[in-house]
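> Below is a structure I'd like to ask you about.
The values are calculated or read from the model by the stated rules, or taken from the named source; none is laboratory data. Because the structure is predicted, anything quoted here is derived from the model rather than measured. Here the Cβ positions follow ideal geometry from the backbone for every residue, glycine too, while neighbour counts run over all protein chains shown. Heavy atoms of the whole protein, side chains included, go into the accessibility calculation; ligands, DNA and RNA do not. Shrake-Rupley method; radii C 1.70, N 1.55, O 1.52, S 1.80 Å.
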Amino acid sequence: MIYILFLLVTMILTLGAQGYINSMYNKTKKISLNRNISGRDVARIILDENGLKNVKVVEVEGTLTDHYDPRNKTVSLSKDIYHNTSVASCSVAAHECGHAIQDKEGYSFLRFRNSIIPVVNLASRAGYFIIMISLLSSLTRLLWLGILMELIILLFQVITLPVEFNASNRALKQLITLNLVTKKEHTSCKKMLTAAALTYVAAVATAILEILRLVMIANRDRS
């Protein structure tokens, strides 16, 4: 029964956080900016003003697939964010530029997170299969290996929290400093970015619950 409860709480956290960010995104994308500038324009202005003319701004497919790639110095914005002149577009574009500024300044948490990505990718791919095999075959020692993989992923998610919050703080500061938004729009931008940050908090909480569930199973099988 306790295992089912853990799974239910995990689902509620994940779906709740995703529902909240989608709701806030749908709400803020209907609010047009007073300056009538697109997400692409916002990104370009912030990057140029911070000495990052070498960073490209490109359009990518999908919804909220926006990201910054430090390897090729590119801010990728999804179609709606790239073209629209809304609070949502402005917020997301500014946030990704926050990551570019972090990269330029050598922000320690970003550097550490990027350095462990290969290990995390391996843990993510192998961990699922290890856990499934251990549960099906009742191999407790193998399950502990799977738990170790999950701990590596959790470490990555924990390190991601300060990276994302810092990028949002930088974004909000840039929007005001460069007069890209009004005070009222700035408040809406903050709500949008806070909603996005909560998805990362939910991911950490979900990972912790999953690890606790697996530890309980491992201890049960050992007894």
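> Would you please give the FRET efficiency between V215 and T65, computed as 1/(1 + (r/R0)^6) with r the Cβ-Cβ distance and R0 = 45 Å, to the nearest 0.05?
Plugging the Cβ-Cβ distance into 1/(1 + (r/R0)^6) gives 0.85.
> Right, something else. Go ahead and run the numbers for FRET between F129 and T187, Cβ-Cβ distance against an R0 of 41 Å, rounding to 0.05.
Calculated transfer efficiency: 0.35.
> Could I ask something else about it? Leaving ligands, DNA and RNA out of it, rank K184, K29 by accessible area with a 1.4 Å probe, largest first.
Highest to lowest solvent-accessible surface, that is K184, K29.
> Right, here's the next one. Would you calculate the convex hull of the Cα atoms in region 128-218 and tell me its volume per residue in Å³?
Hull volume normalised by residue count: 82 Å³.
> Going down the list K104/K183; K104/K184; K79/K190, which pairs span over 26 Å between their C-alpha atoms?
K104/K183; K104/K184
> Expressed as a whole percent, how much of the Cα-Cα distance distribution for the chain exceeds 27 Å?
So the portion of pairs separated by more than 27 Å is 40 percent.
> When the gyration tensor of region 81-142 is built from Cα positions, what are the square roots of 5 times its three eigenvalues, in whole Å, from largest to smallest?
39, 18, 7
> At 222 nm, what value in deg cm²/dmol follows for the chain if DSSP H runs of at least 4 each add -39500 (n - 2.57) and the sum is divided by all its residues, to the nearest 500?
Calculated mean residue ellipticity at 222 nm is -26500 deg cm²/dmol.
> Divide, for region 126-166, the radius of gyration over alpha carbons by 2.2 N^0.38 Å, where N is the residue count.
1.47
> Same structure again: List the residues, sorted by chain then number, that are 5 or more residues from T182 or on another chain and whose placed amide H is less than 5 Å from its amide H.
N34
> Further question: So, by mean Cβ neighbours within 10 angstrom, what's the order for 186-193, 129-136 with the highest one leading?
Output ranking for 186-193, 129-136: 186-193, 129-136.
> Could you pull the accessible area for F112 with a 1.4 Å probe, rounded to 10 Å²?
90 Å²
> A follow-up question, please. Before anything else, pin down the relative contact order of the chain: Cα pairs under 8 Å, at least 6 apart, normalised by residue count, whole percent.
The normalised contact order for the chain reaches 26 percent.
> What residues have an amide H closer than 5 Å to that of V60, excluding those fewer than 5 places away on the same chain, when H is modeled at 1.01 Å from N in the peptide plane?
Placed amide hydrogens put L77, S78, K79 under 5 Å from V60.
> While we're looking at this one, here's another question. Taking the dipole about the Cα centre of region 88-223, with the C-beta of Lys and Arg at +1 and of Asp and Glu at -1, give me whichever of A196, I130, L155 is farthest to the positive side.
A196
> Between L139 and F112, what is the label-to-label distance in nm when each label sits 7 Å out along the Cα-to-Cβ direction?
In this crude label model, L139 to F112 measures out at 3.3 nm.
> Which length gain, in nm to one decimal place, applies between L161 and N22 when the Cα-Cα distance is subtracted from 0.36 nm times their residue separation?
This chain segment gains 48.1 nm when fully extended.
> Here's something else I'd like to know. For region 45-111, just run the numbers: alpha carbon Rg, then divide by 2.2 N^0.38 Å, N being how many residues it has.
For region 45-111, the normalised Cα radius of gyration is 1.05.
> What value does region 1-130 have for Rg/Rh, both radii from Cα atoms and Rh as Kirkwood defines it?
1.07
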